[in-house]
Every structure is written in structure tokens, then in C-alpha cells.
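Participant: Have a look at this one.
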Amino acid sequence: MTDLQSRAFPNGAAGLAGAAGGTFQATTITPDDPRYQSMLRGTNHRFVGSPDFVRVVTTTQQVIDTVNEAVSTGRRLAVRSGGHGLEDFITNPEVKILLDISEMQDVYYDSAMRAFAIESGAMLSHVFRVLFKGWGVTVPAGMCPDVGVGGHFAGGGFGPLSRSLGAVVDYLYAVEVVVVGEDGEARAIVATREPGDPHRELWWAHTGGGGGNFGVVTRYWMRTPGATSSNPAELLPKAPSATRSGVAIWSWEGMSEESFSTLLRNFGTWCENNSAAGTPQANLFPYFHGTHSSTPPGLMLGALIDDGVPDAEALMTAFLDEVGAGVGVEPMMKFQDVQPWLYAAAYPGYGDPGNPGVRRFKIKAAYLRKGYTDRQIAAIYRHFTAEVYNPTQLLLVGYGGQVNTVAPDATATAQRDSILKAAFLGAWGSPAEDDTNLALMRRMFADVYADSGGVPGPDEYSDGAYINYPDADLADPVLNTSGVPWHTLYYKDNYPRLQQVKKKYDPRNRFRHSLSIRLPE
């Protein structure tokens, strides 16, 4: 069988094994197995699971078998790809079967689909390497090489190339999902973006609807919309040959509130003025990183750009000069560097804060339609310079550009007119620090968004939050006093449609977590 489009495969009739990599029999790891403790933690060590067993799989058929076992025994199941979930979605005490798909890593060209197949356990670094080495192409995915595509793609992933190329999901052609019907039977469905596909809504839900909501994603197929070539090297964007990075770093020493405010205001203004699609500046991926004044190195301004873009060096210089203008304090370091693209994109461990002993995380996130207001900047400065150490790091990254050329309802990624994403993140090592650090982070976020009930809009300045940076606080009425429900912050007007997909493909609500799509009432 070669036509995989829009087919359901009960009992794994087709397309259920990896095309290139090796497989092994599904492995069951129980509490009496010496491997068990090593299987319980993802990236965030604040949450540790205690399932009846961990099932490691390498084929879609093994996923189907495991899901059927979960249904028949009444056990709650959760799925782990790269393990970068920052809430308790896979470690909740109610989860009795942890399905580990991290060994499903094949990346290959599927001639029948005329698209690149990527199994959902593959890490971004592996995807970048295979696509680059085999065909010289890429997808505009994220900067963390160790993130698994399983959740990253489904949540509407983005990366340094998104301002020039769009979101990852704008290239999603098809998805294979193991779902559970009203009859309680698991089956694999391949859903495509083709207009006549009876499962097109299931495809749509995976273009930003978040992971763990509808079933188990086992494979994605990627292809540029409108691409007609039969040559694989012409079906995804060409990867850059080199990446130019530009950085300016300011020490907190001598940094007044006026200097800080000027720097952060300039950054927001630059993004407001330079985020239109198709402009030379949209090739830049700008970022700002700040930490508490007691924490080196201080305040970092930077950007990345494909060094093959015309006048890349001049664009970078102009960006650094414009944002640094009028700060009144010279950066202690300012430079540009050029590296081979694959080295920069796939460097191991890049993008993860902390170290092996510092793996307790919290993240709170927001989309920004404009740069921060003077009041918000003053709140950030106050927390960064407080006498009591605050673990919160503020990361602002450029967005918009090509992303904003897609209609809000064309994919499940509804935020299509923002210019920045914000991440308030903290990392520490000891459980004894949890309560104090969480309180400090929550207080800072609430102060920054005090004008909108402690959460980011949607309003003139903000456009809600990013589901791939999940924050269960948004569902807490004590911490979210805006009157805007958490699902509106994540999905906006697309939420009712996502609920209908949930009703059709997961009517028993077998796939759920604290921020999952709810069945319609």
C-alpha cells in the first residue's frame, strides 16, 4: 500500500515501522528493574513520576499495542518524546503507564508522500543533521538541539529562521497519530493538509494545538506548501551554509535604571519597527537576555542571521548600534562571529539552562504585540535589582516576520501578529529552594502583567501565551485574575474548534493533562 494519505490503519496495517533505523521489541521497565529510576525524570527534576511501568517503543504498532493495553486495564497513559515538558504532564501521580517514544528517531524522504518523514522521538539536532547532510534543507525549528519533535512540532514550534521562513507547522504536510475511538480501540491515522482529506481537522489540530491532547503522534511529514518538485532537495527551505551571530554584553556595574530602561525600550522599539515579512531586517533573529544584578554576565543583546543574506554584517551592525544607542554605558563586550550553520544549530546542550545538578525549572511565557511599556520595564528592573536574589531570567526573542503572513485560523497557532516571545524562566538545584523561587518568579511575572490581571492579555500589548512553554499557573484563579481563561490565552478563538477535534478523535478523554484540551460540554 503506497497511498498513505487520509487512511486509518486499524491493527497497524501499513506505515507502522520506521523506514531507516533499527527496531527492538517493546521494552517494559517496572519498579523492580534497575533501569526504572533512570526513566522517571525528564528535563525538569521538580517532577518525578511513579508509573506502574515505562514502555519503550520503536514502532507505531508497538504504540498501538501499548495504548490498547492502557485502555483495557483502565490505566492512565502519558507520552514522552524528548522529555522537555516543564509541567507535570507526564509525571502526574495518576499516570500509570509512561510511553517512551524517544527511540523512534528515523528521518527520511518518503517518496509516496513526497515529503520528509520525521518520527516523533527524533531530537531537533538529529533532524537538522539528517536533512542537512542528505539534502541541504531544513525546517525553522528551535534552538535547543535536545528537544524532541513530538511536542515541539505539535505546539507550533519556532526558531531562529522563523522570522524569515515562518513557524515549523507552516511546513507540516501530514501527521500519523494513534487515537482511541468511542469503541475503545486504538488505531493509527494519517491526516494531511489536503483539502479533501476526511481527517484534515486532525492535521490542523497538530499545527499548534499542543502535545498530549488527541493521541500519540508517531510521525510527521514536512513539505513546503505549494512545492511541486519531485526533487527532495526542493521540498523544504535551503539550510544556511553559515550563521552570523552578533552580541553585546553589559555589566550591571554602572547600569542605572535609566540605562536599563533605554536598552530594553530600544529593543522593543526595534522589533516593532523591523518585524515586517520580506524585509532585510526580518532575516535577523534578535534576542535580549537579562538576569538578576548579582548574576554574571549581566545583560546580553544579540541576534542571529543567515550569513548568506545580502549585507548580513551590515544588518547585524545596525541592529546592535540602534538598540545600544543612548544607553550611556558602554558594553563590556561587543563582537560578531561566523560559524558553519550545522555546528551552530546542532551543538549539544545549547539552549538548556543549568547543568546536570541544576535541573529544577519553572517557565512563564508571553507573546508581545509591542515592546514592554515603561511601567513594565520599571517592574523588571525592580525585581532584577532587588536585594533578595531572584532566579528569574528574562529571555525576549524576535518573532513575527513570515510567521505573521498566515491567518490565525489557518493553523491552530492563533498568535499571528506578535513581534516577540517572552520567557521568564528559572533554574535551581535543591528542592528546598522550590517554594521561595517559585514565589519570586510568580511575583515578578504578576508585577509585569499587573495591568491585565497577572497574565499577558490578549490585549493591545500582549497576545496570550505559548503552549510549548506551559504554565499551569494560568489555570489558577488566584494567579490569573484577568477573567480570561487559560485556554483563551493559549488558543484564542481556535479553542472551540480544537474541542471538536478532541470530541471526534479522543471521545473517551484518554489523553489528558492539567492544560489539555477539554471535551466540549
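The values are calculated or read from the model by the stated rules, or taken from the named source; none is laboratory data. Please read all numbers here as calculations on a predicted model, not as lab measurements. Note: ideal-geometry Cβ built from the backbone for every residue, glycine included; neighbour counts use all protein chains shown.
Participant: Which one of these does T43 not meet: (1) exposed (fewer than 15 other Cβ atoms within 10 Å of the Cβ); (2) over 25 Å from R187 (Cβ atoms); (3) modelled with pLDDT under 95?
Facilitator: All conditions are met except number (1).
Participant: Within the stretch 315-328, is even one residue on the phi > 0 side of the Ramachandran plot, without any contact (Cβ under 8 Å) to a residue 40 or more places away in the chain, surrounded by fewer than 16 Cβ atoms within 10 Å (Cβ to Cβ) and not assigned by TED's automatic domain parsing to the domain that holds I380?
Facilitator: no
For every residue, the table says whether it meets (1) aliphatic (A, V, I, L, M); (2) under 22 Å from Y490 (Cα atoms).
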| site | (1), (2) |
| --- | --- |
| G142 | no, yes |
| G151 | no, yes |
| V168 | yes, yes |
| V180 | yes, no |
| R187 | no, no |
| R193 | no, no |
| G196 | no, no |
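Participant: Another one. Name the residue, out of P477, P496, P507, that is farther than 19 Å from E201 by Cα and not β-branched (V, I, T).
Facilitator: It is P477.
Participant: Scanning for something in contact (Cβ under 8 Å) with a residue 60 or more places away in the chain, outside the structural domain of Y347 (by TED's automatic domain parsing), part of a loop (DSSP other than H, G, I, E, B) and not charged (D, E, K, R), does the stretch 164-172 turn up at least one residue?
Facilitator: Yes: the stretch 164-172 contains one or more residues that are in contact (Cβ under 8 Å) with a residue 60 or more places away in the chain, outside the structural domain of Y347 (by TED's automatic domain parsing), part of a loop (DSSP other than H, G, I, E, B) and not charged (D, E, K, R).
Participant: Does the stretch 232-246 include one or more residues that are under 29 Å from L342 (Cα atoms), free of Cβ contacts under 8 Å to residues at least 24 places away in the same chain and in a loop (DSSP other than H, G, I, E, B)?
Facilitator: Looking for residues that are under 29 Å from L342 (Cα atoms), free of Cβ contacts under 8 Å to residues at least 24 places away in the same chain and in a loop (DSSP other than H, G, I, E, B), one finds none in the stretch 232-246, hence no.
Participant: Would you say A78 is among the small types (G, A, S) and crowded, with 20+ Cβ neighbours inside 10 Å?
Facilitator: Details: among the small types (G, A, S): yes; crowded, with 20+ Cβ neighbours inside 10 Å: yes.
For A78, the condition - among the small types (G, A, S) and crowded, with 20+ Cβ neighbours inside 10 Å - is met.
Participant: Filter the stretch 42-94 down to the residues that are over 23 Å from the mean Cα position of the chain (by Cα) and among the acidic types (D, E), then identify the one that is farthest from I29 (Cα to Cα).
Facilitator: Among those that are over 23 Å from the mean Cα position of the chain (by Cα) and among the acidic types (D, E), it is E94.
Participant: Within the stretch 110-131, count every residue that is closer than 20 Å to G226 by Cα, out of contact with any Leu (no Cβ under 9 Å at 6 or more places or on another chain) and not in a loop (DSSP other than H, G, I, E, B).
Facilitator: The qualifying residues number 1.
Participant: For V168, work out the one condition from (1) more than 22 Å from Y399 (Cβ to Cβ); (2) touching a His at 6+ places or on another chain (Cβ under 8 Å); (3) modelled with pLDDT of 95 or more it doesn't fulfil.
Facilitator: Every listed condition holds for V168 apart from (1).
Participant: Moving on to the next point. May I ask you to say which residue of T405, T392, T413, T385 is out of contact with any Leu (no Cβ under 9 Å at 6 or more places or on another chain), buried (at least 22 other Cβ atoms within 10 Å of the Cβ) and not assigned by TED's automatic domain parsing to the domain that holds H152? Steps first, please.
Facilitator: Working: T405 fails: buried (at least 22 other Cβ atoms within 10 Å of the Cβ); T392 fails: out of contact with any Leu (no Cβ under 9 Å at 6 or more places or on another chain); T385 fails: buried (at least 22 other Cβ atoms within 10 Å of the Cβ).
Going through T405, T392, T413, T385 in turn, just one is out of contact with any Leu (no Cβ under 9 Å at 6 or more places or on another chain), buried (at least 22 other Cβ atoms within 10 Å of the Cβ) and not assigned by TED's automatic domain parsing to the domain that holds H152: T413.
Participant: Could you list, ordered by first residue, the pairs with Cβ atoms under 6 Å in which the first is in the stretch 256-277 and assigned by TED's automatic domain parsing to the domain that holds L320 and the second is assigned to a helix (DSSP H, G or I) and charged (D, E, K, R), at least 6 apart or interchain?
Facilitator: Listed by first residue and then by second, the contacts come to W270/E322.
Participant: Name the residues in the stretch 143-159 that are of a type outside the set (A, V, I, L, M, F, W, C) and crowded, with 20+ Cβ neighbours inside 10 Å, would you?
Facilitator: Matches in the stretch 143-159: P145, G148, G150, G151, H152, G155, G156, G157, G159.
Participant: Ok, one more. Can you tell me which residue within the stretch 472-516, out of those that are outside any helix (DSSP H, G or I), of a type in the set (D, E, K, R) and touching a residue at least 40 places away in the same chain (Cβ under 8 Å), is surrounded by the fewest Cβ atoms within 10 Å (Cβ to Cβ)?
Facilitator: Out of the qualifying residues, it is R508.
Participant: Give just the number: which of (1) closer than 30 Å to A446 by Cβ; (2) in contact with a Phe, Trp or Tyr (Cβ under 6 Å, 6 or more places away or on another chain); (3) modelled with pLDDT of 95 or more does P331 not satisfy?
Facilitator: With respect to (1) closer than 30 Å to A446 by Cβ; (2) in contact with a Phe, Trp or Tyr (Cβ under 6 Å, 6 or more places away or on another chain); (3) modelled with pLDDT of 95 or more, P331 is out only on (1).
Participant: Checking E322 against (1) in a strand (DSSP E or B); (2) closer than 21 Å to I419 by Cα, only one condition comes out false. Which one?
Facilitator: E322 satisfies all of (1) in a strand (DSSP E or B); (2) closer than 21 Å to I419 by Cα except (1).
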